[in-house]
Each structure stands twice: as C-alpha cells, then as structure tokens.
1. Mind listing the phi-derived Karplus ³J(HN,Hα) values for segment 543-553, rounded to whole Hz, using 6.51, -1.76 and 1.60 with θ = phi - 60°, and x for any glycine or proline?
2. Near K498, which lysines are there with a Cα under 23 Å away, not counting those fewer than 8 places off in the same chain?
3. Residue by residue, what Karplus-based ³J(HN,Hα) values in Hz, rounded to whole numbers, does segment 45-53 have, using 6.51, -1.76 and 1.60 with θ = phi - 60° and x for Gly and Pro?
4. Among K126/K158; K171/K235; K52/K577; K97/K434, which pairs are too far apart, with a Cα-Cα distance over 24 Å?
5. Rounded if a/c is under 1.5, else prolate if a/b is larger than b/c, else oblate: which is segment 116-240, with a ≥ b ≥ c the root eigenvalues of its Cα gyration tensor?
6. Given R₀ = 35 Å, FRET efficiency for A249-K317 by Cβ-Cβ distance, to 0.05?
7. What is the ratio of the Cα radius of gyration of the chain to 2.2 N^0.38 Å, with N the residue count, to two decimals?
8. Which residues in segment 458-492 have a backbone N closer than 12 Å to a point placed 7 Å from the Cα of R415 along the Cα-to-Cβ line?
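Every number in this text was worked out from the coordinates using simple rules, so none of it is lab data. Only a predicted model underlies this, so the values are computations on that prediction, with no experimental measurement involved. Neighbour counts are summed over all protein chains in view; Cβ atoms, including those assigned to glycine, are modelled from backbone coordinates with ideal geometry.
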Amino acid sequence: MKASQFFISTLKEAPADAEVVSHKLMTRAGMIKKLGAGIYTLMPMGLRVVQKVEQIVREEMNRAGAVELSMPVVQPAELWQETGRFEKMGPELLRIKDRHANDFVIQPTSEEVITDIARQEIRSYKQLPKNFYQIQTKFRDERRPRFGLMRGREFIMKDAYSFDRDQASAKASYQVMAQAYRRIFDRFGLTYRAVAADSGAIGGDLSEEFQVIAATGEDAIVYCPGSDYAANMEKAEALAPAGPRADAAQAMAKTPTPGKSTCADVAELLGLPLQQTVKSLVLSTDTLNDKGEVVKTQVWLLLLRGDHDMNEVKVGKLPGLNAFRFATVPEIEDHFGCKPGYLGPLNLLKPVKLVVDRDVAVMSDWVCGANAPDFHLTGVNWGRDLPEPETVADLRNVVAGDASPDGQGVLAIERGIEVGHVFYLGTKYSEAMKATFLDQNGKPQFLEMGCYGIGITRLPAAAIEQNHDERGIIWPDALAPFTVVICPINAERSPEVKATSEKLYAELLAAGVDVMLDDRGERPGAMFADWELIGVPHRVNIGDRALKEGNVEYQHRRDATASVVPVADIVSKLLAKLQA
C-alpha cells in the first residue's frame, strides 16, 4: 500500500474525553472516530488491525475444528424469554420493538440463538461433537461507556459454542478451545495469563479468563511466581491460616474510641496493628412471595480482619447469600442498636446469622465495635467472650504474600485486561430451551454446552495499553496495521531515493510483506512522528546521504536510534526479523 492511496489522519492532541492511553493513541493515530457514547467508527488504519486479529482467531478456530456461521444481530425476544435472560439481564440488554410491536433484542451474545439452531439441527449423538463460532457485532448498553474500545457499547466479538453428548466429552471440547486460545494469544505476541475465573451471570462451573498484562488493567490477577497457579481476584482462594489459635492474653474491655469509626483509625488510636482489628459487614437477604413481595428479611453479620476486603463473588456463593444486598441503616439499627462504624458481634438487640472469615476464626485478643457510639471492644476472644463460630468461610480477597492454594509458594498480584473467556456451561441453556438429542440407546438427552469469547475490538486497545511509549503505539508484528514502512527522504528531489524506495517496496510486496510506502512527500520529522504514533514496528529510512555510501537506515519501533544497513542486505534483514 502507498500512503497516497491510503487514508492517514493523525492528531497532535487527544480528545478531552479520552482517559486511558489506548483511547488517546487510537484516536490520535486515526484508528477510531467517535460517533456517539461508546460507539466508534473503525477508520481504515484501525480496521486493518482488527482484521489482523480476526485472521489469527479465524485460523486457529478452524484449526481446532470449529465451524463458522453468522447469527443475526437482531434477535427475537421470545428466545431470551425461554431462558429468563430477557428479564434478568437488566438494562445492558438493548430491547427494541418492530413496527408490529414485537419484542426484539440487539445481541450482546448468542447462547439462545445457537441453542435454538442446535435443537432444530442436531438430532443424534452421531452428529456430535460440534462447535460453531462467529465473528460478529455485539451491543451492550453500558451505563457508563468509557475508555474507547476498552468499554464501548458496540463492539466485535468472536463467540463460539460447543455441543457434546456428555459431560466428559464437553470438558474435552473445553480443553480443545482452551488450548486454541493459548495458540491465538501466543500468535498475537502479547504478554498474557490464562487464569481460573468465576463464571458469573453466564453460568457454568469451569471457566478461564485470558488477561493481557498491563499496569493500567482494571482486573487484579493473582498468580504464584513459583508455579503455574493463576486466578482472577474473584476466584483466588484465601487459605486458612496455618497453626492453632493463640491463647487469650487479654481481658475484654469496652474502650473509648471517640470519632474513630474505621478499623484503620481505631488501630492508630490504640497503637495496635490493623491486623488485630475485625470489621463488621451487615448484609440482608429477602424472601419473596409469588407476587414478588418481601415476606421475610434475614440479616447477616460477616466478620473480616480489618486489613482485608470482602470478596462479593465468594460471599454470593455461600448457602443463603446468593441474592444478598447490603443492609439498610434502619435494619442495622434494629438489630445492633447502633449506626454503622461501631458494629460488632456482641450485645445484639436481635439475632443475626454470623459468618466468619477463616483468618478471623483463628484470631485472639481482637478488636471490634461495641455496638455503642464511640466505643470498641478490645481483647475479644472466641470461646470465652462469644461462642465458637459455627460458619467459617473464605470471604475475602487474597493479598500479595498469601500462601498459594497449590502449596508452591506465595501469591503475587498484577493488573490485567480481560480479552478472552472460556466457559463450560453444562446443560444450563439446553435444559431451559429443551435442546435434546437421541443417544445410542435412542433416549433423549440434553446437549452439554460450552461457550468461548474473544473481544476482537477490545484486544487492540489492550495491546496498546501493554505496548506504548511517549511517542505512541508499539505494535507486535502480528497486529500492526502495516508491518514495515518505507520512508523516502526528499524523494521528489532525488530520483535515486525514489527508485530505491520503489524497488524495495516491490521486493517486499513480492515476498508477502505487509508494507507501506510513504510517498506523501512529508518532511522527515513529521513523517517519522506519524509512523511512531501509529506504531509500525519496522521502519526503513532512505535518503541521499546514506545511499551515496550504498546504505539505508533500519529502525525498529522500540529502538532509540536507527542502524545502517547495506541496500543489498535490507530485504534479507527484514525478512529474517519478521520470521523471528
């Protein structure tokens, strides 16, 4: 491609609403253009990157035996009503009506449609296994779309769905996809981790996220440097502390703590480590009748160490707490006789269900609220001051230095951006939609399913968050809009520069290289700045001065300076670098 035939539109400044690096650089590099909140046009330069992503994904999905199709963006609501997701998904699901007042949705994902296809087309176990995938536009009506392509409302996703005859074969299909994803992300040339994950609202009990490592990532990734253990924060287990509980050494006392309502403030006031304090979190669960009216409310008290944070996903998986909410102030006052800030498990007005974190269960001489304004209890001990806890569970987020669940060392934490997710779904959707097949005995069985997603348009943004500097983007070869750019210097005044540039361009095209010849006639500084901003990884500068000595200049996007290369060697040097 020649620059004069392409469309290049770079900006010196990013728009005011661009908050993260990828949004700023993709806009400045002319890759995306905002149309509305969370809705972007993929400009020619950005579309080339997205097409590179799609090509790699398509090749590896085909290699893994998946079959491509394309499902409609607009889907009948009755399919979503069969699974209950039409109501459950909330405002993120964009609902529309046609001229006949029929309900439709703009697809955020396609479990319902693919299951409908399967129940019509798959009749016998002899047709299994099958894996269908699409690369298609999706829409999720985010409350606060932001960060450009990182959290847009309209986006492109690769979603795949496997169908199997039993759980064992479904899990085998899952592993095929998990390995295909590893090949895909290896080919992208990004630093990533595959981490054990919670399946969330989509369902299922086997799940992995693929996270691109970036300091600006929204997700916390937990891993063990001494092993292969990795999980997201929601999934990572905090092990019970080793060893027995220490004996009580203090008497319990009601201690004045005027105006100190947080564990940190209390610890500072009393001159104690924060780890000796216990925080009280009050939750409520409601029992509803057939009309959706609340007929009973249960109040729960969760105890965590003062320096730990509650993990809402873990708590939501505990028996009875799957639909918890944080208690209201009137509910708290009704049970504790005190406003939040001084709450504790002793001297309650009404009973609550107590759930204790593993760390708290082995603490001695701890500090908690006294259920009286401006007072805390010190020297609290299990078995003496209150009964041994009946329900002990992992309630918290892990922290760096915790023991690794695999016993191979301690945990570390880094930031990541989720760009892929694989789920084993089981029969969640096939049962809801009555998608069955006949087994070898002629009996109907529900199809076992898995689903597998990659954020096609999110991935370039994640790649930029990981690979950039003060000059702009630094693309891995596999994702770059162009792999090599040739920059002639003053070609309009030098026939030799122009001829050498055209010859190199033709040779690289013939070798199958995705090359750009910048024939715009720009000044060298402006030309170099454009390509550094755009992030093309390999650049060849061709100027009169070097050519007189039979040389050109080569510079990788990560190099601080250019190196001199004989004209006769530049093609072989480039091809060697691209193959490496």
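1. x, 4, 4, 5, 4, 4, 9, x, 10, 10, 10
2. K2, K548, K573
3. Values, residue by residue: 5, x, 4, 4, 5, 4, 5, 5, 4 Hz.
4. Table pairs above 24 Å Cα-Cα are K126/K158; K97/K434.
5. Here segment 116-240 falls in the oblate category.
6. Working: r = 36 Å, r/R0 = 1.02.
With R0 = 35 Å, the Cβ-Cβ based efficiency is 0.45.
7. Numbers: Rg = 29.6 Å, N = 580, 2.2 N^0.38 = 24.7 Å.
Taking the Cα Rg and dividing by 2.2 N^0.38 Å, one obtains 1.20.
8. The answer is 465-466.
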